[in-house]
Amino acid sequence: GEVAAVFTTSGLKNVMVRHGSYISVYCNLSSVSVRQGQRVSARQNLGAVANDASGKPNLYFQLQNEAATLNPEAWLAK
């Protein structure tokens, strides 16, 4: 895909990747290792996940097909 946006919300970084009509969003990152417009591939590191209040890594992941939000479970490698 292609990195469509890198933005910050509440002090944490987020990355949005466009894969044709699909968009994946990775939120709650402490750092980002990609830039807008960059081509990325499956399993490529996009950044570091921030820790939650208990000190555990906590990534918020969303998958969309245009405006429809999808359940990403079937898309994730086991």
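The values are calculated or read from the model by the stated rules, or taken from the named source; none is laboratory data. What you see is a predicted model, and the numbers here were worked out from it, not measured in a lab. Every residue, glycine among them, receives a Cβ derived from its backbone with ideal geometry; neighbour counts consider all protein chains shown. Note: areas computed on protein heavy atoms with side chains; ligands, DNA, RNA excluded. Shrake-Rupley method; radii C 1.70, N 1.55, O 1.52, S 1.80 Å.
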Problem set entry | Every residue from segment 1-20 that is part of a loop (DSSP other than H, G, I, E, B) and either modelled with pLDDT of 95 or more or open to solvent by less than 40 Å² (accessible area, probe 1.4 Å) (or both) | Gly1
For this session: Evaluate segment 41-53: report whether one residue or more is without any contact (Cβ under 8 Å) to a residue 60 or more places away in the chain, of a type in the set (Asp, Glu) and open to solvent by less than 70 Å² (accessible area, probe 1.4 Å).
Result: yes
Seminar exercise, completed: Condition set open to solvent by 90 Å² or more (accessible area, probe 1.4 Å) and out of contact with any Ser or Thr (no Cβ under 6 Å at 6 or more places or on another chain), scope segment 54-68, selection farthest from Ser24 (Cα to Cα): answer is Lys56
Seminar exercise, completed: Listed by first then second residue, the pairs whose first member lies in segment 1-18 and is over 11 Å from Gln36 (Cα atoms), whose partner is open to solvent by less than 70 Å² (accessible area, probe 1.4 Å) and polar (S, T, N, Q), with beta carbons under 8 Å and at least 6 positions apart or on separate chains, are Gly1/Ser24; Thr8/Asn14; Leu12/Asn28; Leu12/Ser30; Lys13/Ser30; Lys13/Ser31; Asn14/Asn28
For this session: Considering only segment 27-40, state which residues are in contact with a Lys or Arg (Cβ under 9 Å, 6 or more places away or on another chain) and either of a type in the set (A, V, I, L, M) or surrounded by 14 or more Cβ atoms within 10 Å (Cβ to Cβ) (or both).
Result: Cys27, Asn28, Leu29, Val32
Problem set entry | Test: Phe61 is modelled with pLDDT under 95, in a strand (DSSP E or B) and not small (Gly, Ala, Ser) | yes
